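Asks: I'd like to ask you about the structure that follows.
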Amino acid sequence: MKKGSGYLGFIREVALGAGEILRGLYETGVKIEHKGEIDLVTEADKRSEEYILDQIAKRDPGVKVLSEEFHSAYRPPTWGLGTPDIGDCWVIDPLDGTTNFAHGFPWFAVSICRYEGGRPVAGAVYLPIQDELFLGEIGKGAYLNDQSIRVSGEKELSKALFATGFPYDVHDRPRNVVAALEAMLIRAQGIRRAGAAAIDMVYVACGRLDGFWEQKLKPWDTAAGMVILEEAGGRVSTFTLEEYSPFIPEVLATNGHLHEAAARVLEEYSIWKHPRNPVPTVDVIIRLNGVVDQIVLIERKNPPHGWALPGGFVDYGENLEEAARREAQEETGLDVELAWQLGSYSDPARDPRLHTISTVFVADATGVPRGGDDAKVARVFGLDELPERLCFDHREILEDYKRKLSRG
């Protein structure tokens, strides 16, 4: 397939084919598996993805694919702020709305996007139960079942219908999500939460919704919807009106008329703000089974890749001690007892993503560590056998810890 040659015909064909698979499986029932506490995957996800990847391999052999499920040829690169340089690729979600599908709730879609030059250039979102096919390509407009679509003309937030969604970790971290929902709930005419971000995006594109916001989404959730919405006259950004990319984990999508008013409501709940002041984080040196020179490190799933101390961002409403205990439990499976505080670290270069200030705790635990959340694995290392690839400034932190031990 020649780059930039026009993708709508191919995307239409593949989206309809994958949708037919989903429709057939929806009527007969499928096996359900759990990827997390509330994150599901079904046989339908797998069958749809296999079909899409097979079609791409036939028509566009050798191209990279970024996909939600299992057979992707693409692996996430290391990136800092903004959009990674991933080159030309396909971004697909074989079943957006898996939980809906698994419960027999007929609100799910296939999402397929062509990504070139650092942005989505063509996309399709197909709702197989409703038989609604949304298409868009840069410079060629946006369509629903071959009819041109445009966003709504609503200009007053108090008369607007918005949609939102909840991230998969909402059971553990609800505060910021609920606070943003409350802030919009008292200002918009109505809020809908149906559980499929790709559909929410294209519903804004065709004027059925006036806006949509959500956090902690992945590229395949919004890539296709983004190009369709923008071609329909809509606007997409972060909560703080920064330029949006599908690789940024928060999105505000509106008809354009309401965009700045909605952003004024949501900006204080942004997880993508780049404040001049450092963002608070915690790191935890976990000493296992009473041995002070045996510590637990995790191998990170997400960029920056490598080994690191368990830790992460302080959530809305948490104090530092609560955040340290939570991050340790999520990433190692260990319930820790905080012993003392090593210190704070705030070199602007310590984290390639944004400026952070980390409070480092020393803690004790017993048991066998196991990776979870951002950790592929968690394992024990001696202080004299640390891995070569340590992320952030964790080698410096552990050198400080060793000096503290030597001084007694």
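The values are calculated or read from the model by the stated rules, or taken from the named source; none is laboratory data. Just so it is clear, the model here is predicted, and its values are computed rather than measured. Don't worry about glycine lacking a Cβ; one is built from the backbone with ideal geometry, like all the others, and counts go over all protein chains shown. Accessible surface areas use protein heavy atoms only, side chains included; no ligands, DNA or RNA. Shrake-Rupley method; radii C 1.70, N 1.55, O 1.52, S 1.80 Å.
Asks: Using a Förster distance of 22 angstrom, determine the FRET efficiency expected from the C-beta separation of Val178 and Thr240, and round it to 0.05. List each step's numbers first, then the result.
Replies: Working: r = 20 Å, r/R0 = 0.90.
After rounding to 0.05, the efficiency reads 0.65.
Asks: What FRET efficiency, computed as 1/(1 + (r/R0)^6) with R0 = 56 Å and r the Cβ-Cβ distance, is obtained for Leu405 and Glu43, rounded to the nearest 0.05?
Replies: Using R0 = 56 Å, I get an efficiency of 0.60.
Asks: In whole percent, what relative contact order does the chain give with Cα contacts below 8 Å and a gap of six or more residues? Could you put the intermediate results ahead of the total?
Replies: Working: 909 pairs, mean separation 49.8, N = 408.
So the answer I get is 12 percent.
Asks: Next question. So how much accessible area does Ser406 have, in Å² to the nearest 10, using a 1.4 Å probe?
Replies: 100
Asks: Per-residue accessible area for Met226 at 1.4 Å probe radius, Å² rounded to 10?
Replies: Here the residue's solvent-accessible area equals roughly 10 Å².
Asks: Let me ask you something else. For Arg114, Arg264, Arg175, give me the order by solvent-accessible area with a 1.4 Å probe, most accessible first, ignoring ligands, DNA and RNA. All intermediate terms of the calculation are to be shown ahead of the outcome.
Replies: Numbers: Arg114 10, Arg264 155, Arg175 120 Å².
Per-residue accessible area, sorted high to low, gives Arg264, Arg175, Arg114.
Asks: Related question: Would you kindly state how much longer the chain becomes between Leu185 and Leu16 on full extension, computed as 0.36 nm times their sequence separation minus their alpha carbon distance, in nm to one decimal?
Replies: Numbers: separation 169, 0.36 × 169 = 60.84 nm, distance 3.57 nm.
Working it through step by step, the gained length comes to 57.3 nm.
Asks: A further question follows. Can you give the extra length, in nm with one decimal, that the chain gains between Lys155 and Thr28 once fully stretched, where that is 0.36 nm per residue apart less the Cα-Cα distance?
Replies: Answer, rounded to one decimal: 41.3 nm.
Asks: While we're on this one: Output wanted: per-residue J couplings in Hz (rounded whole) for region 255-268, from phi through Karplus 6.51 cos²θ - 1.76 cosθ + 1.60, θ = phi - 60°, x for Gly and Pro.
Replies: Coupling constants for region 255-268: 6, x, 5, 9, 5, 5, 5, 5, 5, 4, 6, 8, 4, 6 Hz.
Asks: Where does each of Glu399, Glu13 land when they are ordered by accessible area, with a 1.4 Å probe and the largest first?
Replies: On the way: Glu399 70, Glu13 90 Å².
Of Glu399, Glu13, the descending order of accessible area is Glu13, Glu399.
Asks: Given the Cα-Cα distance of Arg192 and Asn277 and 0.36 nm per residue of separation, how much length would full extension add, in nm?
Replies: Details: separation 85, 0.36 × 85 = 30.60 nm, distance 3.49 nm.
The span from Arg192 to Asn277 would gain 27.1 nm if fully extended.
Asks: Rounded to the nearest 0.05, what FRET efficiency do Gln147 and Asp293 have when you use their Cβ-Cβ distance and R0 = 60 Å? Don't jump to the answer; show the numbers that get you there.
Replies: Details: r = 69 Å, r/R0 = 1.14.
Taking R0 as 60 Å, the efficiency between Gln147 and Asp293 is 0.30.
Asks: Is the chain rounded, prolate or oblate when judged by the Cα gyration tensor, a ≥ b ≥ c being the square roots of its eigenvalues, rounded requiring a/c under 1.5 and prolate requiring a/b larger than b/c? If you can, show how the numbers build up before the last one.
Replies: Working: a/c = 2.07, a/b = 1.68, b/c = 1.23.
Prolate, because a/c is 1.5 or more and a/b exceeds b/c.
Asks: Compute, for Lys402, the solvent-accessible surface of its heavy atoms (probe 1.4 Å) with the complete set of protein chains present, and express it in square angstrom to the nearest 10.
Replies: So the heavy atoms of Lys402 present about 60 Å² to solvent.
Asks: Once phi is turned into ³J(HN,Hα) by the Karplus curve 6.51 cos²θ - 1.76 cosθ + 1.60 with θ = phi - 60°, what whole-Hz value does each residue of region 335-343 show in order, with x for glycine and proline?
Replies: Per-residue couplings from phi come out as 8, 9, 10, 5, 9, 7, 9, 6, x Hz.
Asks: Using the basic label-point model (7 angstrom from Cα toward the beta carbon), what is the Arg370 to Lys216 distance in nanometres?
Replies: 2.1
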